[in-house]
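The values are calculated or read from the model by the stated rules, or taken from the named source; none is laboratory data. Bear in mind the structure is a predicted one, so any value in this text is a computation, not a measurement. We place every Cβ from the backbone using ideal geometry, glycine too, and count neighbours over all the protein chains shown.
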Amino acid sequence: MSRNEWEHGEVKLSTKEFVAVRRDLIAFHNERQTRLFESAKSLYTRIKEHGKGKRNFDFEEDFRTMVGTYEYRMTVDGASEIQDILFPYEKVEGKGYIRSRKPKAPKKSAFKMLKQNADSIPVGHEAGIGFNRVTRTIRWSTGENNHAVDTAHEHPTGREFFKRLSRVNWTRGTGGEFIGNDEYNEDAGREYAGGGGSYVTHRFGVAEKAFKQSLGRR
């Protein structure tokens, strides 16, 4: 079932934690990019072998069969990202932009590595992580699309992001909230005044502590 949704927010960290979290997430991204490049080369070689000497061979369908992509999910790490590299969109006169019918050899430059002072990390096609060194805040933001939040959370970088936040030592004055919304909540809210508003999806640090105290929990 389709579900149009979005999510964003930011958390404030101590100087020590901000540096550590950004370092770890950038390292994770770079290591993953190296693995995806190797996977792309392997898939490219296999696809070319499968289609060798065959007329009207559907290379992209062969790719999808190998990686097992379906609906909005990825059953192989980086499947959609690799697909965009092997079968890039090209401008065709009278047809606009369509995917290349034949696979393109992957180049290492297509799997960009990040420097240690990078101020953002992509999370597939649906989300991104941003870093502000001045305020020591980290921002999480997804697009507003069908299953955008689900896709971002299931992405390896998204999973690593939330896993890393779970290990943060939240000190005084640090933390924050993420908020979101979806089409079903917005539609239901039309039934009464003030309904359908955005809701909190995650709380961290002081925000989580304040929430628990409001419920009478310690």
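Just a few scattered comments:
- Residues satisfying the stated conditions in region 80-94, i.e. part of a loop (DSSP other than H, G, I, E, B) and not aromatic (Phe, Trp, Tyr): Pro88, Glu93, Gly94
- Scan of region 12-60 for residues that are in a helix (DSSP H, G or I) and of a type in the set (Lys, Arg), ordered by number: Lys16, Arg22, Arg23, Arg32, Arg35, Lys41, Arg46, Lys48
- Look at region 91-116: where a residue is modelled with pLDDT under 95 and surrounded by 12 or more Cβ atoms within 10 Å (Cβ to Cβ) and a partner is hydroxyl-bearing (Ser, Thr, Tyr) and not in a helix (DSSP H, G or I), sitting 6+ places away or on another chain with Cβ atoms under 6 Å, you get Arg99/Tyr89.
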